[in-house]
Every structure is written in structure tokens, then in C-alpha cells.
1. Treat every Asp and Glu Cβ in the chain as -1 and every Lys and Arg Cβ as +1, leave all other atoms uncharged, and give the resulting dipole magnitude about the Cα centre to the nearest 20 debye.
2. State, to one decimal in nm, how far the label point of His51 lies from the label point of Arg17, with both points 7 Å from Cα in the Cβ direction.
3. For the stretch 22-78, state the average projected area of the convex hull of the C-alpha atoms over all orientations, rounded to one decimal in nm².
4. Give the label of the value calculated from the structure for log10 I(q)/I(0) by the Debye sum over Cα atoms at q = 0.09, 0.20 Å⁻¹, choosing from (1) -0.34, -1.37; (2) -0.28, -1.55; (3) -0.44, -1.28.
5. Among 46-54, 31-39, 135-143, 87-95, how do they line up by average Cβ neighbours within 10 Å per residue, starting with the highest?
6. Determine the sum of side-chain charges near Tyr99: Lys and Arg each +1, Asp and Glu each -1, restricted to other residues whose C-beta is under 11 angstrom from that of Tyr99.
Amino acid sequence: MSGAQSHPWYVGAWLRRSIVVPGGEPTEPCEAWWIQSKDVFVDIRVTLPGHDDNGLPYSSTRAFAGVFEIADGHSCWHVELDSGDVVPRTDRAAAAGLYIDPADPEVLIEDAPGRFREVWVQQAVGDAVQVVHHEHLIAVRIGDVVGVVESIDGQSSGGTVRGRAWHGAGSITTG
């Protein structure tokens with residue numbers, strides 16, 4: 001992430017390294033990808049074998065996507081498609097809780113005090129950003145990492161939503 005950027009600091013393809021809840025130890029029960037453009041995101045998580053029912057937030061097989069903004073002191077994910085929850089909805093966090101690790105410019109931290117802390121490692125960055133944002137399909141490509149969340153039956157709420165992420169080492173899918 002060195003040099004001049006034409007995109008905000010949070011734009012990139014991020015692979016989660018760990019999640020921790022208060023009183024717990026950092027762990028990673030999923031392969032979790034967050035592909036973020038300036039204003040659209042795709043988030044795809046697939047639980048690793050043996051880690052089902054782990055009790056951690058955002059740590060089950062799931063795909064969700066929508067519009068992102070930082071406004072009025074909050075990071076806001078306006079979720080439009082979700083395989084595991086009701087939409088539309090807005091997930092909010094203090095804007096100060098989303099930041100680049102001062103010790104490593106390729107690490108992004110999402111800190112939700114009292115709830116969880118996620119550590120994300122950058123996998124792709126640059127000006128090769130493409131977005132498709134449609135009522136029943138949201139896709140973001142950063143470099144050679146692509147994430148797609150789509151409604152299979154054309155319903156964003158109560159329908160069948162699935163996600164897939166393609167990256168240099170392969171791909172994951174929620175169904």
C-alpha cells in the first residue's frame with residue numbers, strides 16, 4: 001500500500017487472519033474474503049472443516065454484499081443481499097474502529113469493542129477495480145481477486161443467496 005493511491009485506504013481484497021471475542025483467543029474458523037471497492041463490498045465466508053457451530057460472530061458459511069460508506073463517525077455496511085440474515089439492513093461500527101494497523105500497512109483491523117476484533121490481510125490492491133451492482137447481483141474485482149454475491153431466485157430477502165470468491169490459489173463458494 002505504498003505510494004500514491006487513487007482509491008481510499010480501505011479498498012482492496014482482504015483475507016481474514018483471525019477473529020477474537022472478549023475473553024477469547026484469536027482464531028480463524030473460516031476462509032473469509034472481504035472484497036471492497038470505494039463504495040460497494042462483497043463478503044464471503046466458508047467455515048473450515050471441524051469448525052461448524054463455533055459460536056463466533058461472522059464465522060459461519062455466509063455471503064453478503066451491499067453498499068459501504070463512512071459517514072457521521074460510522075463505518076456503514078448497507079447490506080442488500082445476505083444468505084444468512086434479513087435485508088435490507090445497515091451494520092454500523094465506529095469509523096475509528098476500522099483502520100490500517102500502524103505496525104503493518106497490509107493489515108486492516110475492524111475493532112468492535114465488546115463484540116469482536118477481526119484482523120484482515122491485504123491480498124490485492126491497485127487501480128484494477130471493477131464493480132457490478134444490480135438488484136440481484138453484486139460483484140467486486142480487485143486485481144485478480146473477484147467476489148460475487150447473487151440472489152438465485154431473484155429475491156433479495158427470503159430468497160436463496162449464494163456467494164463465490166475467486167483468488168490466486170482457487171475459489172470458495174457458499175453453495
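1. Details: 12 positive and 24 negative charges, 20 e Å.
Dipole size: approximately 100 debye.
2. Going by the 7 Å Cα→Cβ label model, 1.5 nm.
3. 4.9
4. (2)
5. On the way: 46-54: 12.6, 31-39: 22.6, 135-143: 19.6, 87-95: 15.0.
Averaged packing, sorted descending, gives the order 31-39, 135-143, 87-95, 46-54.
6. On the way: positive: none; negative: Asp101, Glu110, Asp111.
Taking every other residue near Tyr99 into account, the sum is -3.
Every number in this text was worked out from the coordinates using simple rules, so none of it is lab data. Please read these numbers as outputs of a predicted model, since none were measured by experiment. Glycine gets a Cβ as well: all are built from the backbone with ideal geometry, and neighbour counts include every protein chain shown.
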